[in-house]
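Inspection log for the structure reproduced underneath, given as structure tokens.
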Amino acid sequence: MFSTPKFRGRYVHVIVLVTLLILSNLSISITSVVQAQEGLRVEGIPLPEFLEQLGLEKCDVYGGTLKIALPSEPNTFNWFVAGSSWSLLSLFPVYSRLVRIINGTLVFELAESIEWSPDHKVLTIKIVKGAKFHDGKPVTAEDVAFTINVLAHKSWCYYHGYFASVEKAEVVDDYTVKVYFKEPDAGFIYNALSVMNIMPKHIWEPLLKEKGDALAKYNPKIPDEVIGSGPFKIVEYVPGQYVKYKAYEDFVYGRPGVDELLFVFITEANVAILAVQKGDVDSYIGWVTAEVVPQLKATPYVEIHTYTSPTFYHWGLNNLKWPFNITDFRRALAYAVDKEAIIRDILLGYGIPGSPGVVPPVGVNLQWFNPNVYHKYTFNLSKTAEILDKLGFKDIDGDGWREAPDGSDFSFEIYAPSYDIVRVRAAEMIAKWLSEIPGGGLKAIPRAAEWKTVWPLIREAKVDSWLLGSGPGMDITWLIRRFHSRPMGTGNWARYSNPEVDRLTELLRVTFDPEERKKIAWKIQEILADEVPIIVLYYRKFINPYRVDKFERWFKPADDDAATNFITLLRVQLKKAPTTSATTPTTALTTTPTSTTPTPTTPTPTTSPTPTPRPAMDMTSIAIAIVIIIIIIAIIAFALRRRR
């Protein structure tokens, strides 16, 4: 019966139909695999390719000592607990990282590949081969896993908040690590891995076993215990004078251009600026005020790089201490700050007023910024007086100062780092405004202090209030570290605690959908603006002078200085042919910017290479080929039917 034409036609149709169904499902499955694989693999550009795009594959000239002035010195060389800018910066040349964020681009340094599991609870990291620590031992998966596990399990680590979602890191082989998460963490790569220095297990594991949690107080010996795999080896630290580094000849991507790097401590800004003008140092990473821009522009061989930093400079309030633990009292203080005056009179326009929601409206954080809370508090001393009256802070004895509700004298301190004249002046201005509150002022005492002394007191919540600059992360989940209650909020120096903010920041971490993440981030900013754990004063436009008579190939990022960023340290070099006349500054400022409401535009990088995507699996081509086969089969089936 199979030989009858009628049945043969039906038999062919059945075969064609089954084939079509099988191939269609196979096509859908393969397409799904392609989409899944594209979603799981983390796209980044290897550092050598990034350098090639910049034309900086290697240096042409080697030698010289690059001298950079810093306004303060480190208070520890223990990276696990280093929190001040100057401790972190002093360790920056020594260590390598898996990835870095440079001009908004994810750059793979020692990571070869990074891939998520489908449920985002396992991250597989393969590291490059050939990297060595300064003592000659290879960098392996053991070092990466060790570093991650310490950061994840020791709450005293400065970056613990970024690693709190990690359950454990395991070594698969010498160059593969698997990171297991308690729950998905959408910001882990951009916030955690991008700041994680790879610490040598053979140095730090014995120290951890010996000292236990007392390691948090330990300052490692230089140079024997400050061993990294970065482009520079630390050689010497002379307190109050300098930190000296030597080029690491065996750095995996080629030795840096300079033979030596010297961080010189100059606490007075005017002295540091004079040192740049005279050529005693090659750059100053500190607090250059707008008043000196004209004289810097007029100095031969001095150029200026300006950039808007996402760092939020704020008035920190100790939320554990009365009366800063009273939300209405903090609101009263918020109305007593004239941010526009700080921008206008101190920064001379080189800044943007701070948002009550904290998130900066610049760079990668612009996408998360909530503009609806930006004008929540305007300068209004009458409103401050009204709130203080309701709280019972009144001038009882008529001396012009308000007493506490119990009738006792009341005053508090505002600490500012002596090396930053802007914050010193801002503290003085805040104290002045508080003294002018109608019906009696609040007595605030501004104190300019050596930051090396004050910083430990802030970390231990032993001071009333302070003016601090805190950096956000590259992904909005940095809000966990800054505002989740401790210990998860390791950078929550105000000791702010709100169960709803805890819940929302944790939800933000496990949410991967961009629109949902934005809604959560906006809600968190609404709460922060309402409860005022800190008062963000401004986001600063920095002025970074550097000399071009000795060295060339300074890299100028959109959100960092030109002297201590990773690319400059790696590829700045002595000039081949020194010029005989002053160079016209390429980034000279022509006008003084005016203070305005932040415009939602992302800064354009001076040099912004576009990452070249790595070739993906050619599964899409296979799927297309299958679709073509299906069409051909359909045509054949149609022809057979016509022949009947």
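The values are calculated or read from the model by the stated rules, or taken from the named source; none is laboratory data. What you are looking at is a predicted structure, and each value in this text was computed from that prediction instead of being measured. For neighbour counting, all protein chains shown are included, and Cβ atoms are generated from backbone atoms with ideal geometry for every residue, glycine included. All accessible areas refer to the heavy atoms of the entire protein, side chains included, with ligands and DNA or RNA removed. Shrake-Rupley method; radii C 1.70, N 1.55, O 1.52, S 1.80 Å.
Overview of results
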read-out: Yes/no for Ala141 being open to solvent by less than 20 Å² (accessible area, probe 1.4 Å), among the small types (Gly, Ala, Ser) and in contact with a strand residue (DSSP E or B) (Cβ under 8 Å, 6 or more places away or on another chain); value: yes
read-out: Index of the failed condition, Trp287 passing every other in (1) in a loop (DSSP other than H, G, I, E, B); (2) hydrophobic (A, V, I, L, M, F, W, C); (3) closer than 22 Å to Trp451 by Cα; (4) in contact with a Lys or Arg (Cβ under 7 Å, 6 or more places away or on another chain); value: (4)
read-out: Scan of the range 342-388 for residues that are over 28 Å from Gly473 (Cβ atoms), outside any helix (DSSP H, G or I) and of a type in the set (A, V, I, L, M), ordered by number; value: Leu348
read-out: Tally of residues being within 13 Å of the chain's Cα centre (by Cα) and in a loop (DSSP other than H, G, I, E, B) across the range 156-205; value: 3
read-out: Residues of the range 284-310 that turn out to be of a type in the set (S, T, N, Q), at pLDDT 95 or above and under 22 Å from Ser418 (Cβ atoms), as a count; value: 0
read-out: Residue within the range 401-413 that is within 27 Å of Ser85 (Cα to Cα) and either among the aliphatic types (A, V, I, L, M) or open to solvent by 10 Å² or more (accessible area, probe 1.4 Å) (or both) present; value: yes
read-out: From the options Leu208, Leu215, residue that is open to solvent by less than 10 Å² (accessible area, probe 1.4 Å) and either over 16 Å from Ile68 (Cα atoms) or part of a loop (DSSP other than H, G, I, E, B) (or both); value: Leu215
read-out: Matching entry among Gly228, Gly254 (being outside any helix (DSSP H, G or I) and crowded, with 19+ Cβ neighbours inside 10 Å); value: Gly228
read-out: From Phe50, Phe92, residue being under 20 Å from the mean Cα position of the chain (by Cα), open to solvent by 20 Å² or more (accessible area, probe 1.4 Å) and under 21 Å from Gly257 (Cβ atoms); value: Phe92
read-out: Which numbered condition Glu167 misses (of (1) touching a residue at least 24 places away in the same chain (Cβ under 8 Å); (2) farther than 17 Å from Pro200 by Cα; (3) surrounded by fewer than 23 Cβ atoms within 10 Å (Cβ to Cβ); (4) not basic (Lys, Arg)); value: (1)
read-out: Wholly within the range 496-610, helices (runs of 4 or more DSSP H) carrying at least 3 residues that are at pLDDT 95 or above and among the basic types (Lys, Arg); value: 514-531
read-out: Test result for Pro360, of a type outside the set (D, E, K, R), closer than 30 Å to Glu291 by Cβ and open to solvent by less than 10 Å² (accessible area, probe 1.4 Å); value: yes
read-out: Residue count for the range 60-82, restricted to those that are open to solvent by 10 Å² or more (accessible area, probe 1.4 Å) and either modelled with pLDDT of 95 or more or in contact with a helix residue (DSSP H, G or I) (Cβ under 7 Å, 6 or more places away or on another chain) (or both); value: 9
read-out: Candidates Pro239, Pro294 - the one that is under 22 Å from Trp79 (Cβ atoms), of a type outside the set (Asp, Glu) and open to solvent by 20 Å² or more (accessible area, probe 1.4 Å); value: Pro239
read-out: Long-range neighbours under 6 Å by Cβ, at least six apart or interchain, first residue of a type in the set (Phe, Trp, Tyr) within the range 40-57, second modelled with pLDDT of 95 or more; value: Phe50/Val107
read-out: Residue list for the range 265-284, restricted to those being outside any loop (DSSP other than H, G, I, E, B), out of contact with any Gly (no Cβ under 7 Å at 6 or more places or on another chain) and either among the aromatic types (Phe, Trp, Tyr) or open to solvent by 30 Å² or more (accessible area, probe 1.4 Å) (or both); value: Asn270, Val271, Leu274, Gln277, Lys278, Tyr284
read-out: Residues (assigned to a helix (DSSP H, G or I) and buried (at least 20 other Cβ atoms within 10 Å of the Cβ)) located in the range 453-468; value: Val454, Trp455, Ile458
read-out: Residue check, Leu333 modelled with pLDDT of 95 or more, more than 25 Å from the chain's Cα centre (by Cα) and open to solvent by 10 Å² or more (accessible area, probe 1.4 Å); value: no
read-out: Residue check, Ser497 polar (S, T, N, Q), open to solvent by 10 Å² or more (accessible area, probe 1.4 Å) and touching an Asp or Glu at 6+ places or on another chain (Cβ under 7 Å); value: no
read-out: Number of the exception - Asp530 against (1) surrounded by fewer than 17 Cβ atoms within 10 Å (Cβ to Cβ); (2) closer than 26 Å to Cys157 by Cα; value: (2)
read-out: Residue check, Ile476 at pLDDT 95 or above and open to solvent by less than 10 Å² (accessible area, probe 1.4 Å); value: yes
read-out: Flag for Ala298 being free of Cβ contacts under 8 Å to residues at least 24 places away in the same chain and hydrophobic (A, V, I, L, M, F, W, C); value: yes
read-out: Number of the condition not met by Pro446 [criteria: (1) at pLDDT 95 or above; (2) open to solvent by less than 50 Å² (accessible area, probe 1.4 Å); (3) not hydrophobic (A, V, I, L, M, F, W, C)]; value: (2)
read-out: Residue selected from the range 109-132 under the condition among the small types (Gly, Ala, Ser) and open to solvent by 20 Å² or more (accessible area, probe 1.4 Å), by the criterion farthest from the chain's Cα centre (by Cα); value: Gly130
read-out: Single condition Met429 does not satisfy, out of (1) without any contact (Cβ under 8 Å) to a residue 40 or more places away in the chain; (2) surrounded by fewer than 20 Cβ atoms within 10 Å (Cβ to Cβ); (3) outside any loop (DSSP other than H, G, I, E, B); (4) of a type in the set (A, V, I, L, M); value: (1)
read-out: Residue list for the range 305-330, restricted to those being outside any loop (DSSP other than H, G, I, E, B), over 21 Å from Val359 (Cα atoms) and more than 26 Å from the chain's Cα centre (by Cα); value: Asp328, Phe329
read-out: Residue in the range 245-264 that is among the basic types (Lys, Arg), at pLDDT 95 or above and closer than 19 Å to Thr76 by Cα present; value: no
